[in-house]
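Just below is one structure, and these are the notes that go with it.
Just so it is clear, none of the values below were taken in a lab; they were calculated from the coordinates. Because the structure is predicted, anything quoted here is derived from the model rather than measured. Glycine also receives a Cβ, built like all others from the backbone with ideal geometry; neighbour counts cover every protein chain displayed.
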Amino acid sequence: MSWFTKFITSSLGQKLVMSLTGLFLILFLCVHLYGNMQLFKGDQGYAYNVFSHFMTHNPVIEAIAILLYLFILLHAIQGIALWVQNRSARGGQNYAVKVTRTTNTNSFASRNMAYLGLLILVFLGIHMGDFWWKVKFGAPPVVMYDGEEYQDVFALVGASFQIGWIVAIYVLAMVGLFFHLLHGFQSAFQTLGIKHKKYTPVIRFLGWVYSIFVPLLFASMPIYYFFFK
Amino acid sequence: MKLDGKTPPGPLAEKWTTYQSTVPLVAPNNKRRLEIIVVGSGLAGAAAAASLGELGYNVKCFTFHDSPRRAHSIAAQGGINAAKNYSNDGDSVYRLFYDTIKGGDYRSREANVHRLAEVSNNIIDQAVAQGVPFAREYGGLLENRSFGGVQVSRTFYAKGQTGQQLLIGAYQALSRQIARGSVEMYNRHEMLDVVTIDGKARGIIARNLVTGELERHAAHAVLLCTGGYGNVFYLSTNAMNCNATAAWRAVRRGALMANPCFTQIHPTCIPQSGDYQSKLTLMSESLRNDGRVWVPKKKEDAKAIQEGRKKGTDIPEADRDYFLERRYPAFGNLVPRDVASRAAKVACDEGLGVAPTGLAVFLDFSAAFERYGRSEAHVKGIHDADAATIRQLGEKVIEEKYGNLFEMYEKITGENPYKLPMKIYPAVHYTMGGVWVDYNLETNIPGLFVLGEANFSDHGANRLGASALMQGLADGYFVAPYTVGNFLSGEIRTPKIDPNAPEFLKTAGEVQERLSKLMNIKGNQSAESFHRRLGKIMWDNCGMSRNAEDLTKGRQLIRELREEFYKDLFVPGELNEFNPELEKAHRVADFLELGELMMLDALNRNESCGGHFRDEYQDEKGEAKRDDKNFAYVAAWEWTDTSKDPILHKEELKFENVELKTRSYE
Amino acid sequence: MSFLEMLDVLNEELVNQKKEPVAFEHDCREGICGACSLVINGQPHGPMNGTTTCQVHMRHYKDGDTIVIEPYRAKAFPVMKDLVVDRSSFDRIIQAGGFISVNTGQAQDANSTPVETDVASAAFDAATCIGCGACVAACPNASAMLFTSAKVAHLNMLPQGKVEAQQRVLNMVKQMDIEGFGRCSNVTACEAECPKGISITNIARMNREYLGASLGSEKTA
């Protein structure tokens, strides 16, 4: 085995994979959220459609997108592998009485990262099928801006978010994401070995803010469309 | 039998260096062929096994614990002495030697003690290099504190966990050798006998505690580092599994038991609270640096406290008797342990005790809170601090120093020692007596060495605080590697010892028989219940003060108890399985013989010295009266047959460098 | 009465009834040897912070309470009998590198290397680990990160331990993985249940040092 394989398959190497891919996904969510916020501009989806167009046609972005898909897969596969390993490390027997004390983390979130992750993965499947598949391989409606043809993703969104069960799935997934981030954000830093008397509280605070606002804003769109449009 | 201490010739301060430079050596190629068994993995055992492994010998190390790190050395709290003189307060090797000899009431061998003082400095160096995190001053250099019985600060410490840190250091050194393959570790193995071939110790019989199987292990030399026998008293500060079996089995094979009556009763333990109690907990002696020991002057106050009508804080200053400060102004609360313990007993015997049982005295930190608080306030620039602030600041300082001890006290008693004075009472803590060894730490059986608390060599009739860690590590790291080499240099032509030799098979058979006998009594009482009764007999008749009448009676009681034990013991489970009850029964069986010998030794020693106080031998002030003319010797007992009286051998103690004086701390 | 004295009474009663007593490990009974284990009502070493099983007292329970006592459960700590588990995997982790390679007699004067008090005190805090295994028992993943990292931190922090720091962390982590402990997912249950209050800061430190040693040096485990 090469030194790198040894390292990356070691317990701490595996965690590093989780941490780095996780942090990348956290960054991605910001970009995604920035795009989604265009929906609220009240310009009949102009800004949103332009942004979508840019994101699907810029070659650099497309290259990064491939990386993103890879990282999502890596994060999921490594996560599932860790989950399986960790279950077997317990020795196949659970305690008759369960107490779930922790010091620094949300006990529910930290103990259920795998389940929360799976929930998000399933959601991703639905979400991708709903939009990404339709945009990439379907025939979405088009609009013309300045004589150029743009896919009207805005219309797609509007249509989807009229359906109650889809909205429910989105909201549920965002609750899952909230918990997943609540632990994942600060945990990623701990795994990288970043723990400092002065700076860790800042990271924790940012983690909280991020975990609350990002899922909340994501969830606000389906809710907004469902109830107010 | 003529006992030869084998003290090297020459001036005291040069004996050890001369020995080191003239001792015959074993060449590396021969070391590889020689095997050594080390029994025990505490400070002495782990240090010896690691050091001998480093030298290139093949070492096998045994412990009955699941890991070498559990040995009871780990529980030592206060610190370790060394003559570094980092405090610039007049310390020196000679002074440490002198304090130890005097503290031991002139019942130890000069040359051994001087060697101990010499290597004390190397221990600190070694420990620091291993990563032992001793307390440090702001400049990053090592800090010292003072301990009982001395007037210098020479104690190195790591909060209240010095023993733990030193043991972990030794355990790590041992682990390194295990990883290198030079030490083979046998966890969960209990040594049950020594095997001798042609008069030399050549191996042990050990029981695999998991399978119950008896194993025969052969070697060119055997080192016993198995600790003291304080648990003969049942209630002591020793760990539950501490036992005398290894040492006692050596005695049964011809080694001598020296000064078994010298037991140390430690003054600062948490008083016994109930009948179910299985062990007592020590509060480090270092607390006496800052705590003041007192009882009420008036009996009615004491009574009120005993009945819970009053608290210690309710007694005004004028009605308190700080009896140690009163009786021993020069050393005050820092008198040696034996003196402090006896003084507490005297106070309680007068009805002035402060626990419901009447058996406790106060250890009060109010003065220290005040003193430290004032100094802290000064440092912080608070000039008009009120009493409450001062006390609060003082409590902080004390917490820094003894936080874990205070916490431990609160956990056990449920009382907050920051608010109420602590209650303490003496308890059995350490045994100065042990297997007789010469200057080489070798018993009268060639090839059988005894290290650490298990031997008798360095502490005389009373051990000073922070000296046990020093001795265990000195023996293991710095003495045994030379002296065991001395013996092995004569063994380089001896081929590998065969564990199937008839002597091994015979001894194993005897052990098997002994265990079967215990299993087959099939009576009605548990080993634990016998142990508890033995402990009570020992404490009542051979405890803090002894007299001929009690000792004679006690010896008789033990004999009766032993008889009952072999008639009515019940051991559940099977012989060949994981059976803690069988382990206990075997240990208690050995205690029952050792206990009798202690009574006999105490009866023989018609004087009061150190931890051994005979009511018949005291002056008008109640201080111990030593008899140097008749008892300046080591009483080494040979156990022949349980039905006969043991035979006493005397090793005269020669004092060429110190003058024998009445030990006074007034 | 302490918790273990309660078990003593139970066992004595069982012996008196000619039954086999319950096997459990214990020794010093003052919270330092690390021999006692037990998961009491779902918590290693019982309900109180900073306390080992032997320091739990029955005054914390009411008459008639039912107390569930279980052994530690982890693949790397196989149960030997009743409540006794085999924790020798911890020893092997230490043997992999939890030491400073200095032979007896090689040491220089103890005061020749000053150590900053904060460093000495942090090293001491990490070194107070008693190797009881409560961290593994508490961890939903049965991970030994707190134990391993405490030793790595203790030694790597001190100037004396710096020489071998990189190799140490690589070797110890490797051994930890071989023993079959789970992977840390930063749940912090270990820190919550550790009777000696060992901090997960040590885990972060080990992560850091492991990454540094793996990627930033030429060493391999």
Review point. Setting aside same-chain residues fewer than 8 positions from C:Lys75, which lysines have a Cα under 28 Å from its Cα?
Key: A:Lys6, A:Lys15, A:Lys98, C:Lys151, C:Lys174, C:Lys196
Review point. If you take the square roots of the eigenvalues of the alpha-carbon gyration tensor of chain C and sort them as a ≥ b ≥ c, do you get rounded (a/c under 1.5), prolate (a/b over b/c) or oblate?
Key: prolate
Review point. Using modelled backbone amide H atoms (1.01 Å from N, in-plane), which distant-in-sequence or interchain residues come within less than 5 Å of B:Ile197's amide H?
Key: B:Arg202
**Study point:** Sites matching trypsin sites (Lys or Arg not before Pro) across the range B:379-419 that sit in DSSP coil, with at most 15 neighbouring C-beta atoms within 10 Å
**Key:** B:Lys380, B:Lys419
**Study point:** Partners for A:Lys136 among lysines (Cα-Cα distance below 27 Å; same-chain residues under 8 apart left out)
**Key:** A:Lys41, A:Lys229
Study note, to complete from the structure: Here the range B:363-374 yields Karplus 3J(HN,Hα) values (6.51, -1.76, 1.60; θ = phi - 60°; whole Hz; Gly and Pro given as x) of 10, 10, 9, 4, 5, 5, 4, 5, 4, 5, x, 4
Point to revise | Stokes-Einstein D in µm²/s, Kirkwood radius over Cα pairs - the range C:88-216 at 37 °C with 0.692 mPa s viscosity | key: 220 µm²/s
Practice item. Just grab the label-to-label distance for B:Val23 and A:Met128, each label 7 Å out from Cα along the Cβ direction, in nm (one decimal). Key: 7.2 nm
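Report, to one decimal in Å, the Kirkwood hydrodynamic radius for the range A:3-228 based on all distinct Cα pairs.
19.5 Å
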Point to revise | Lys/Arg +1, Asp/Glu -1 at C-beta; the range B:319-444 dipole; positive extreme among B:Gly332, B:Thr357, B:Asn440 | key: B:Gly332
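Please compute the length gained on full extension between A:Ser2 and A:Tyr145, using 0.36 nm multiplied by the number of residues separating them and subtracting their Cα-Cα distance.
Full extension from A:Ser2 to A:Tyr145 adds 46.1 nm.
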Review point. Considering only A:Gly207, C:Met80, B:Phe655, whose Cα is most displaced toward the positive end of the charge dipole of the protein assembly as shown, charges sitting on Cβ of Lys, Arg (+1) and Asp, Glu (-1)?
Key: A:Gly207
Study note, to complete from the structure: If every Lys and Arg gets +1 and every Asp and Glu gets -1 at its Cβ, then about the Cα centre the range B:502-630 yields a dipole, in debye to the nearest 20, of 120 debye
Study note, to complete from the structure: Note: the protein assembly as shown at 4 °C, 1.567 mPa s; Kirkwood Rh on alpha carbon pairs; Stokes-Einstein D in µm²/s works out to 40 µm²/s
Check your understanding: B:Ala387 to C:Glu116: FRET efficiency via 1/(1 + (r/R0)^6), r the Cβ-Cβ distance, R0 35 Å, to the nearest 0.05?
Key -> 0.50
**Study point:** Relative counts (whole %) of C-alpha pair distances in the range B:216-268, using bins that are 5 Å wide
**Key:** 4, 15, 24, 25, 15, 9, 6, 2, 1
Study note, to complete from the structure: Put in order of increasing Cβ neighbours within 10 Å, starting from the fewest, B:Glu317, C:Glu20, B:Glu190 give B:Glu317, C:Glu20, B:Glu190
Point to revise | Surface/4 estimate of mean projected area, convex hull on alpha-carbon atoms of the range B:86-229, nm² | key: 12.3 nm²
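I want the antiparallel fraction of DSSP beta bridges within the protein assembly as shown, as a percent rounded to 5.
Of all bridge pairs located within the protein assembly as shown, approximately 75 percent are antiparallel.
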Check your understanding: If R0 is 30 Å, what FRET efficiency do you get for B:Gln151 and B:Arg374 from their C-beta distance, rounded to 0.05?
Key -> 0.75
Study note, to complete from the structure: Between B:Arg546 and residues 5 or more places away or on another chain, the pairs with built amide H atoms under 5 Å apart involve B:Phe613, B:Arg614, B:Asp615
Exercise for review: Work out the FRET efficiency for A:Ile61 and A:Val209 from their Cβ-Cβ distance, taking R0 = 41 Å, and round it to the nearest 0.05.
Suggested key: 0.95
Point to revise | GNM result for chain C, Cα springs below 10 Å: residue of C:Ala123, C:Ala76, C:Ala110 fluctuating most strongly | key: C:Ala110
Revision key, fill the gap. Calc'd 3J(HN,Hα), the range B:58-72, phi into Karplus 6.51 cos²θ - 1.76 cosθ + 1.60 (θ = phi - 60°), Hz, glycine/Pro = x, comes to 8, 10, 10, 10, 10, 9, 7, 6, 7, 8, x, 6, 8, 3, 6
Exercise for review: Measure nothing fancy, just the Cα-based angle from helix C:117-127's long axis to the longest principal axis of chain C, in degrees from 0 to 90, nearest 10.
Suggested key: 50 degrees
Check your understanding: In debye to the nearest 20, how big a dipole does the range C:88-216 give about its Cα centre with +1 on each Lys and Arg Cβ and -1 on each Asp and Glu Cβ?
Key -> 260 debye
**Study point:** Cut-off 18 Å (backbone N to label point 7 Å along Cα→Cβ of B:Glu415), residues of the range B:326-344
**Key:** B:344
Exercise for review: Return the subset of B:Lys60/C:Lys19; B:Lys15/B:Lys84; B:Lys102/B:Lys299; B:Lys84/B:Lys401; B:Lys6/B:Lys553 for which the Cα-Cα distance in this structure is over 26 Å, preserving the input order.
Suggested key: B:Lys60/C:Lys19; B:Lys102/B:Lys299; B:Lys6/B:Lys553
Review point. If each residue's Cβ is checked for other Cβ atoms within 10 Å, how do B:Asp590, C:Asp82 rank with the fewest at the top?
Key: C:Asp82, B:Asp590
Practice item. Before anything else, pin down the relative contact order of the range C:88-216: Cα pairs under 8 Å, at least 6 apart, normalised by residue count, whole percent. Key: 34 percent
Review point. Using unit Cβ charges (K, R positive; D, E negative) and no other charged atoms, how large, in debye to the nearest 20, is the dipole of the range B:266-428 about its Cα centre?
Key: 300 debye
Revision key, fill the gap. Long-range amide H partners of A:Asp152, meaning residues 5 or more apart or on another chain whose placed amide H is closer than 5 Å, are A:Val142, A:Val143
Check your understanding: Normalised by the residues of the range B:266-428, what does the relative contact order come to in percent, with Cα pairs under 8 Å and at least six apart?
Key -> 32 percent
**Study point:** Karplus 3J(HN,Hα) series, Hz, for the range B:378-388 with 6.51 cos²θ - 1.76 cosθ + 1.60 (x for Gly, Pro)
**Key:** 4, 4, 7, x, 8, 8, 10, 5, 8, 4, 5
Check your understanding: With N residues in the range B:502-630, what two-decimal value do you get for its Cα radius of gyration over 2.2 N^0.38 Å?
Key -> 1.33
Review point. So which trypsin sites (Lys or Arg not before Pro) in the range C:129-205 pass both tests, a DSSP loop state and at most 14 other Cβ atoms within 10 Å of the Cβ?
Key: C:Lys162
Exercise for review: For C:Lys162, list the aspartates and glutamates whose Cα falls under 12 Å from its own Cα; do not include residues on the same chain fewer than 8 positions away.
Suggested key: C:Glu209
Check your understanding: What is the pair-distance distribution P(r) of chain B, computed from all Cα-Cα distances in 10 Å bins starting at 0, with each bin given as a whole percent?
Key -> 3, 16, 27, 27, 18, 7, 2, 0, 0
Study note, to complete from the structure: If N is the residue count of the range B:414-473, its Cα Rg over 2.2 N^0.38 Å rounds to 1.63
Study note, to complete from the structure: Note on the range C:1-83: contact order normalised by length, alpha-carbon pairs under 8 Å, 6 or more apart, percent, works out to 30 percent
Check your understanding: Once a ≥ b ≥ c are taken as the square roots of the eigenvalues of the Cα gyration tensor of the range B:266-428, is the result rounded (a/c under 1.5), prolate (a/b larger than b/c) or oblate (a/b not larger than b/c)?
Key -> prolate
Point to revise | Ranked list, fewest to most other Cβ atoms within 10 Å of each Cβ, for A:Leu182, A:Leu217 | key: A:Leu217, A:Leu182
